[in-house]
Amino acid sequence: MINEFFAMGGYGFYVWSSFGLSLLGLMFIYFSAKRFEKRKRTEIAHWIKSNK
Amino acid sequence: MKKWFHQWVSPPHVYTRAGRYLPWCLGISIVLGLWGLYGGLILAPPDYQQGDAFRIIYVHVPSAWLSMFAYLVLGIASIVALAWRFTVAHAVATVVAPIGAIFTAMCLLTGSFWGKPMWGTWWEWDARMTSELLLLFIYLGYIALRASFDESEKADKAAAAFGIIGLINLPIIHYSVYWWNTLHQGATITKFGKPSITWEMGWPLLLMTIAFMLFFAAMVFLRLRGELLERERRSKWVANELGLIELGVHKSD
């Protein structure tokens, strides 16, 4: 039964590629947003300290 | 009433609220997404024409919808920014662009993987696909345009104007399947009259779309916080927020 799940009626390659790429896309959005926010926090903190 | 509106214009207020809503939006998005995936991949019956390949709908349609919704947010934020010059409006438009671009790419890619088995082709220059590809270029152009300016005020004005002009593409994408003879199928849900998808297949689609929207909101909130710190770096609230106020040197508000 689990084999049927992965086979997706013969369309497995297309279905799982789609879901895989979507997951990658969402993860990319997440990690790049996290990186951006963190970078800004340290950047601005540093800027404030050096502009006292 | 006026006071209620004014607080949404205040960067520190938006910064705080975004931080508060973020984990909720993200958490609920994950729960709904998992539920929607279970419904779409396991519970929903195979399509009588497309078999199990139709299940791609559960990522393709939410991506497509978000690609357009994100641009709508960018466009409205740009209108508000150009008209009233609110920092928050400029900030929202700025942070939405990269997120919207990824959703557009996801839509195009999943569309290709759906088109190949169903239509026999990875790509067709039909009206829907071409206008969606154009949307990707508009997002990338928006990001490049912003980056090309040294002065942030000029960048904001130019980007806002560009963002507004790009709005014309949204009705083109949506109505393309009616205005032109296209390969891409017609609207399923956002049309007048009853949706042409059975509830058995439709409810996971609704969940996935809501999940994607909440995820979008959470990611906008996350980026927005960083962007507001940057734009308001000279203000006391930012110094306060980052724990850098010196007592006795600055009078804190």
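The values are calculated or read from the model by the stated rules, or taken from the named source; none is laboratory data. As the structure is a prediction and not an experimental result, all values here were calculated from the model. As a convention, Cβ positions derive from the backbone with ideal geometry for all residues, glycine included, and neighbour counts pool all protein chains shown. Accessible surface areas use protein heavy atoms only, side chains included; no ligands, DNA or RNA. Shrake-Rupley method; radii C 1.70, N 1.55, O 1.52, S 1.80 Å.
Going down the list A:K38/B:K157; A:K49/B:K236; A:K38/B:K154, which pairs span over 23 Å between their C-alpha atoms? Don't skip to the answer; put the middle values down first.
Details: A:K38/B:K157 27 Å; A:K49/B:K236 13 Å; A:K38/B:K154 26 Å.
From the list (A:K38/B:K157; A:K49/B:K236; A:K38/B:K154), the Cα-Cα distance tops 23 Å for A:K38/B:K157; A:K38/B:K154.
At a probe radius of 1.4 angstrom, the accessible area of chain A per residue rounds to 67 square angstrom. Element breakdown for the range B:64-141 at a 1.4 angstrom probe: carbon and sulfur atoms account for 74% of the accessible area. Per-residue ellipticity at 222 nm, computed for the protein assembly as shown from helices alone with -39500 (n - 2.57) per DSSP H run of at least four residues, works out to -25500 deg cm²/dmol.
Against chain B, whose longest principal axis comes from its Cα atoms, helix B:11-38 is set at around 20 degrees.
If I fit a long axis through the Cα atoms of helix B:87-119 and take the longest principal axis of the Cα atoms of chain B, what angle between them do I get, 0 to 90°, rounded to 10? Tilt relative to chain B: about 20 degrees. Each Cα pair under 8 Å and six or more residues apart adds its sequence gap; the mean of these over the residue count of chain B is a relative contact order of 33 percent. Most mobile of B:G19, B:G40, B:G111 per a Gaussian network model of chain B (Cα springs, under 10 Å)? Looking only at B:G19, B:G40, B:G111, the biggest GNM fluctuation is shown by B:G19. Along chain B, the longest continuous region that contains none of the chymotrypsin sites (Phe, Trp or Tyr not before Pro) in a DSSP loop with at most 13 other C-beta atoms within 10 Å is B:49-121.
How much FRET efficiency would the formula 1/(1 + (r/R0)^6) give for B:W179 and B:T121, where r is the Cβ-Cβ distance and R0 is 30 Å, rounded to 0.05? Result of the calculation: an efficiency of 0.90. Tally Lys/Arg at +1 and Asp/Glu at -1 over every other residue whose Cβ is under 13 Å from the Cβ of B:G111; what's the total? Neighbourhood net charge equals -1. Solvent-accessible area lost on pairing A with B (1.4 Å probe, both sides summed) amounts to about 3300 Å².
Considering only protein heavy atoms, what per residue accessible area in square angstrom results for the range B:1-125 with a 1.4 angstrom probe? Intermediate results must be reported in sequence, preceding the final value.
Numbers: 5970 Å² over 125 residues.
Heavy-atom SASA per residue in the range B:1-125 reads 48 Å².
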